[in-house]
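In what follows, a single structure is set out as structure tokens and then discussed.
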Amino acid sequence: GTLAQRLQRSPLPPEDAAQLIETLALAVHHAHERQVIHRDLKPANVLFMRDGTPKITDFGLAKVLQDSEVSPGDATRTGDPIGTPRYMSPEQAAGRSDTVGPATDVYALGTLLYECLTGRAPFVSASVVETLRMISNDDPLPPRRLQASIPRDLETICLHCLAKEPGRRYATAEDLADDLHRYRYGEPI
């Protein structure tokens, strides 16, 4: 099944959420090392193998980074938002495809962590336009306001991923995975 199906039942326990996102962050880092940005990380694109191993799927909107700002095969233009609205980064929501990079996927990993912990995406609205506006302008409600049992360090990691400016997020998906690993083993984040 998918992560979306699992989250329909209830949020994940914090330890399970941290372990899952750590694994996904390492997979995303592997793609980034090969110059591939996913651009559409969401619960429906996380599948579980029979043994429980998560796999990231659907690289249909992926972008291959090259020396130029826009890769030759990139079908999108600056100004066109691309991705699933509630999981888009602020730069995607604003249509700034020229600034899409690894930090875009780090933001999406933060949305996955947020949803795993709280049972909902950070920004939800009845309209796509309002969702995009919220992503661009509003701060997410701290996860502990929705689930008081979430550990403070895990909330800090989550909110760090969801910073509006790409430069204020984890520099790499591996850095995110490292902090989640430290959290899981009781080390300072």
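Scanning the range 29-83 for residues that are in contact with an Asp or Glu (Cβ under 9 Å, 6 or more places away or on another chain), modelled with pLDDT under 85 and part of a loop (DSSP other than H, G, I, E, B) gives PHE59, GLY60, LEU61, ALA62, GLU69, VAL70, THR78, ILE82, GLY83.
Inside the range 84-99, residues that are open to solvent by 30 Å² or more (accessible area, probe 1.4 Å) and at pLDDT 85 or above make up a count of 3. Mind listing just one residue for me: the one in the range 167-189 that is of a type in the set (Phe, Trp, Tyr) and over 16 Å from HIS30 (Cβ atoms) and, of those, surrounded by the most Cβ atoms within 10 Å (Cβ to Cβ)? Across the range 167-189, the extreme among qualifying residues is TYR183.
The single residue among LYS55, LYS63, LYS42 that is buried (at least 21 other Cβ atoms within 10 Å of the Cβ) and without any contact (Cβ under 8 Å) to a residue 60 or more places away in the chain turns out to be LYS63.
Within the range 155-181, the only residue that satisfies the criterion of being among the hydroxyl-bearing types (Ser, Thr, Tyr) and free of Cβ contacts under 8 Å to residues at least 40 places away in the same chain is THR156. Of all residues in the range 1-37, count the ones that are open to solvent by 30 Å² or more (accessible area, probe 1.4 Å) and among the β-branched types (Val, Ile, Thr). Matching residues across the range 1-37 total 2. Output the number of residues of the range 100-138 satisfying the condition of being of a type outside the set (Asp, Glu) and over 20 Å from PHE59 (Cβ atoms). Counting residues in the range 100-138 that are of a type outside the set (Asp, Glu) and over 20 Å from PHE59 (Cβ atoms) gives 23.
The values are calculated or read from the model by the stated rules, or taken from the named source; none is laboratory data. All values derive from a computational prediction rather than experimental measurement. Heads up, the Cβs are rebuilt from the backbone with ideal geometry, glycines too, and the neighbour counts pull from every protein chain shown. Please note that ligands, DNA and RNA were not included when accessible areas were found on the heavy atoms of the full protein model with its side chains. Shrake-Rupley method; radii C 1.70, N 1.55, O 1.52, S 1.80 Å.
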